[in-house]
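Undergrad: This structure is in structure tokens; I'll ask about it shortly.
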Amino acid sequence: MLKEQPWILFAPEMLLEWKQSRDEGRDVDFLRTKCEEVASRSKTDNVEELAKSLKRQLDSAPMVQGYPFVEPSDYPAIQAELHDRRHLFSAPENDDRLRDKLAGAWSGRISGCLLGKPIEGWKSRDLQKLLMDIGNFPMNRYIEWKDFTPSWKAKCSVKSAWADCINGIAPIDDDTNYTVLALELIKEYGKDFTSDDVLEGWLSRLPYLATCTAERVAYRNASNGLKSPETATVFNPYREWIGAQIRGDFFGYINVGNPRLAAEMAYRDACISHVKNGIYGEMLMAAMIAAAAVTCDLIKIVEAGIDEIPTRSRLHRDIDAVLGWYRIGKSYDEVIVEIHKQYDESDSHGWCHTNSNAMLVVTALLYGEKDFGKSLCMAVQPGFDTDCNGATVGSILGIMIGQKAIPKTWLEPYNGKLATSIIGYNLVTIDELVATTIELINE
């Protein structure tokens, strides 16, 4: 029922809005109790106007003294906060090799999404117990319904996207929807598309209820006549969540060897729904994918990504931390423990935040040692937003190694076919997506 749909009303998320304001450096401790009260009352009363009034108080609260981060949301200010870019890349000259890399990127994204999709929302402790009980720990393959014991079958749903239950077609998911939608965006508006073009594309081709969190808020705001960047900022408590981070892949695909331009396109997309680190996450991943198309050096790939985001941002700090732990020899398990200490997976704000999940993506890349399956599993096994992180790691590794190097066990369940919610793309093949991608690169 519509009244039960999440991410539509603002009042139920007042505690989340408080956490977001606190993260942004506002001195809002004195408003926590009020925010909790409004969120609680929203279960039975219409308190939307009260919530909006409280939002104005949060926005007008002073900054805490000594807040160390500088996190602009407009593109010129972001550029002013960058260090020099450390690496230069060039596009691959072999067309057949590029085709294979793009096929790897699309396939990798779909495979990683499929690995994480049926266990999205599971806490890491419960997921570990399942994996151990079905003989898949450490994780090394898809989870299949046939693996389940009767006791697990009683707890889980056969309707979930277990790899042996999808009838040979990768199921609809926002992590693949937005990659296809970005392809259509470039096809319709060209590489010089504007942020308002992105909004128009959403309203034209993406059903409202196919969106989540910040995207649903931006869609609602656009439907009410707002334009970017107001669509990202008006009553949007999810504005630094992972939604934009999963939307940047295609901008990497069409800018192979050019992380700067990939990140700039990603910015134009991200700013309709996100601010600050929410924007940076999409820029980071688009730039990493553009670099991964032309180098197999994982450190360079990560550096190419963080070179495109503000150096005094929380996301830059967090990715630097992962790189630091890797360089001093911390184990994969030790790094996962550190991430879980910093971000609470039992709290939706930590579970779905850009930063926590970006840290997991980078960790999986570094410790996966260029092994496609190992890297995907390292992204998914720790929990948090499993399908998002599996998809992003798959995209990066896929474009780096190419489809021919991806073991067939990761490709077979969906037979090169993908279902989406995007109007005009209800069922597409990877071959079709790759062919269109190459056409757009060459325009």
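Undergrad: Hey, does the stretch 123-140 have a residue that's within 20 Å of the chain's Cα centre (by Cα), of a type in the set (D, E, K, R) and more than 22 Å from TYR414 (Cβ to Cβ)?
TA: Yes, the conditions are met somewhere in the stretch 123-140.
Undergrad: Quick check on the stretch 426-442. Is at least one of its residues at pLDDT below 95, assigned to a helix (DSSP H, G or I) and of a type outside the set (A, V, I, L, M, F, W, C)?
TA: Within the stretch 426-442 (the criterion being at pLDDT below 95, assigned to a helix (DSSP H, G or I) and of a type outside the set (A, V, I, L, M, F, W, C)), the answer is yes, since at least one residue qualifies.
Undergrad: Here is a further query. Please go through the stretch 41-71 and give me each residue that is open to solvent by less than 50 Å² (accessible area, probe 1.4 Å), over 12 Å from GLU24 (Cβ atoms) and hydrophobic (A, V, I, L, M, F, W, C), ordered by number.
TA: Those that are open to solvent by less than 50 Å² (accessible area, probe 1.4 Å), over 12 Å from GLU24 (Cβ atoms) and hydrophobic (A, V, I, L, M, F, W, C): VAL47, ALA51, LEU54.
Undergrad: Further question on the same structure: Filter the stretch 174-205 down to the residues that are out of contact with any strand residue (DSSP E or B) (no Cβ under 9 Å at 6 or more places or on another chain) and within 22 Å of ASN389 (Cα to Cα) and list them by number.
TA: If the condition is that a residue be out of contact with any strand residue (DSSP E or B) (no Cβ under 9 Å at 6 or more places or on another chain) and within 22 Å of ASN389 (Cα to Cα), then ASP174, ASP175, ASN177, TYR178, THR179, LEU181, ALA182, LEU183 are the ones that fit.
Undergrad: A further question on this structure: Which one of HIS349, HIS353 is within 30 Å of LYS19 (Cα to Cα), open to solvent by less than 20 Å² (accessible area, probe 1.4 Å) and touching a strand residue (DSSP E or B) at 6+ places or on another chain (Cβ under 7 Å)?
TA: From the options HIS349, HIS353, the qualifying one is HIS353.
Undergrad: Related question: Among all residue pairs at least 6 apart or on different chains, which show Cβ distances below 8 Å where the first residue, located in the stretch 202-226, is without any contact (Cβ under 8 Å) to a residue 40 or more places away in the chain and the second is exposed (fewer than 14 other Cβ atoms within 10 Å of the Cβ) and of a type in the set (A, V, I, L, M, F, W, C)?
TA: That search, which allows pairs on different chains as well, returns TYR219/LEU203; SER223/LEU203.
Undergrad: Right, something else. Give me a count of the residues in the stretch 210-230 that are open to solvent by 60 Å² or more (accessible area, probe 1.4 Å) and of a type in the set (Lys, Arg).
TA: Number satisfying all stated conditions: 1.
Undergrad: Of the conditions (1) open to solvent by less than 50 Å² (accessible area, probe 1.4 Å); (2) among the acidic types (Asp, Glu); (3) assigned to a loop (DSSP other than H, G, I, E, B), ASP100 fails just one. Which one is it?
TA: (3)
Undergrad: If ASP147 meets every condition in (1) modelled with pLDDT under 95; (2) in contact with a Gly (Cβ under 7 Å, 6 or more places away or on another chain); (3) acidic (Asp, Glu) apart from one, which number is that one?
TA: Among (1) modelled with pLDDT under 95; (2) in contact with a Gly (Cβ under 7 Å, 6 or more places away or on another chain); (3) acidic (Asp, Glu), the lone unmet condition for ASP147 is (2).
Undergrad: Here's a follow-up. Taking the stretch 274-316 only, how many residues are open to solvent by 10 Å² or more (accessible area, probe 1.4 Å), assigned to a helix (DSSP H, G or I) and either within 19 Å of ALA244 (Cβ to Cβ) or not basic (Lys, Arg) (or both)?
TA: Going through the stretch 274-316 one residue at a time, the tally reaches 6.
Undergrad: With respect to TRP122, determine if the residue is of a type in the set (Phe, Trp, Tyr), open to solvent by 10 Å² or more (accessible area, probe 1.4 Å) and in a helix (DSSP H, G or I).
TA: Criteria not met by TRP122.
The values are calculated or read from the model by the stated rules, or taken from the named source; none is laboratory data. What you are looking at is a predicted structure, and each value in this text was computed from that prediction instead of being measured. Note: ideal-geometry Cβ built from the backbone for every residue, glycine included; neighbour counts use all protein chains shown. Areas reflect the complete protein model, heavy atoms only, side chains present, ligands, DNA and RNA absent. Shrake-Rupley method; radii C 1.70, N 1.55, O 1.52, S 1.80 Å.
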